[in-house]
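The values are calculated or read from the model by the stated rules, or taken from the named source; none is laboratory data. All figures in this text were calculated on a predicted structure; none of them were measured in a lab. Don't worry about glycine lacking a Cβ; one is built from the backbone with ideal geometry, like all the others, and counts go over all protein chains shown.
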């Protein structure tokens, strides 16, 4: 019996059904800068180089998806921030014109519609369009956006760690962030993306009420992504998948695949029955070329995830053979 194709699995998940196997969709994007021998800052703005690199990576990693564009600063820059590079062009931060008080929105933000037409978003859209035309074996096309709490924290200058200690973005900041990511995600699915990762790198401690408000901010994004027959994936780091947060999350009805690199998260998800769609994520620290870090992939034996991914963009020094071995091992045990 032939194995289902990635698109067949996607269709089954969109219909609320399980699949014979999980989608294997690691996030492998910035590695392309190393493939093209470019600084990351030059790579991110060149759709031709990105497309060429991702096609080469696709030749090595025969996974179910291709990571068309994953850039954590994308939305803040699209809204009017200035990207500041450091460490020889390998990492960056965002700066706003004028003086901005911490906790407040910067002045002169672009509209959500304007953010979706910014140069960097246009580059991402062009990459998706090109790969849709060029890849004949029909892997799923993936792209990522920040979650509303994460983007709101960047807009207001709130440190990610401080949010866990009680400092939270205002309602207006969350609404502005949600509107922007919804519009940018819309541009991605209109161009042909099949999987949209919504990545929350920071969350407060979630009460049931706060989680309900968070879900309501994300609902329009989920609806638009699904309208284009694409699948939204809400991804949070393992550190944020606390018992309190997970309990609050399970009290909501999510029209997306929830995913975290946490054994506790997966255990609680599997306890809720086969009708709940969730994803497993492998920590990127477990993919180092050497095992000096001591990091190990989590144990996900006996679970049936909808997809298997990584908890972030796979670093340039990652061991790709180890990556595939881990992902395939999880997929085969499910």
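A single entry from 119, 106 fulfils the requirement of being more than 24 Å from residue 219 (Cβ to Cβ) and modelled with pLDDT of 90 or more: 119.
Is it the case, given these coordinates, that residue 239 is free of Cβ contacts under 8 Å to residues at least 24 places away in the same chain and farther than 26 Å from residue 8 by Cα? In short, yes.
Checked against the criterion of being surrounded by fewer than 20 Cβ atoms within 10 Å (Cβ to Cβ) and at pLDDT below 95, segment 228-237 has at least one qualifying residue. Within segment 41-70, being without any contact (Cβ under 8 Å) to a residue 60 or more places away in the chain and within 21 Å of residue 309 (Cβ to Cβ) holds for 53, 56, 57, 59, 62. Exactly one residue out of 135, 174, 155 is surrounded by 13 or more Cβ atoms within 10 Å (Cβ to Cβ) and farther than 26 Å from residue 220 by Cα: that is 135.
One line per residue, one yes/no per condition, for (1) in a helix (DSSP H, G or I); (2) under 21 Å from residue 222 (Cα atoms); (3) modelled with pLDDT under 70:
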{"position": "268", "(1), (2), (3)": "yes, no, no"}
{"position": "275", "(1), (2), (3)": "no, yes, yes"}
{"position": "297", "(1), (2), (3)": "no, no, yes"}
{"position": "309", "(1), (2), (3)": "no, yes, no"}
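Go through the residues of segment 121-129 one by one and say whether even a single one is in contact (Cβ under 8 Å) with a residue 12 or more places away in the chain, touching a helix residue (DSSP H, G or I) at 6+ places or on another chain (Cβ under 8 Å) and farther than 25 Å from residue 227 by Cβ. Checked segment 121-129: no residue is in contact (Cβ under 8 Å) with a residue 12 or more places away in the chain, touching a helix residue (DSSP H, G or I) at 6+ places or on another chain (Cβ under 8 Å) and farther than 25 Å from residue 227 by Cβ.
For segment 170-219, filtering for residues that are touching a strand residue (DSSP E or B) at 6+ places or on another chain (Cβ under 8 Å) and assigned to a loop (DSSP other than H, G, I, E, B) leaves 6.
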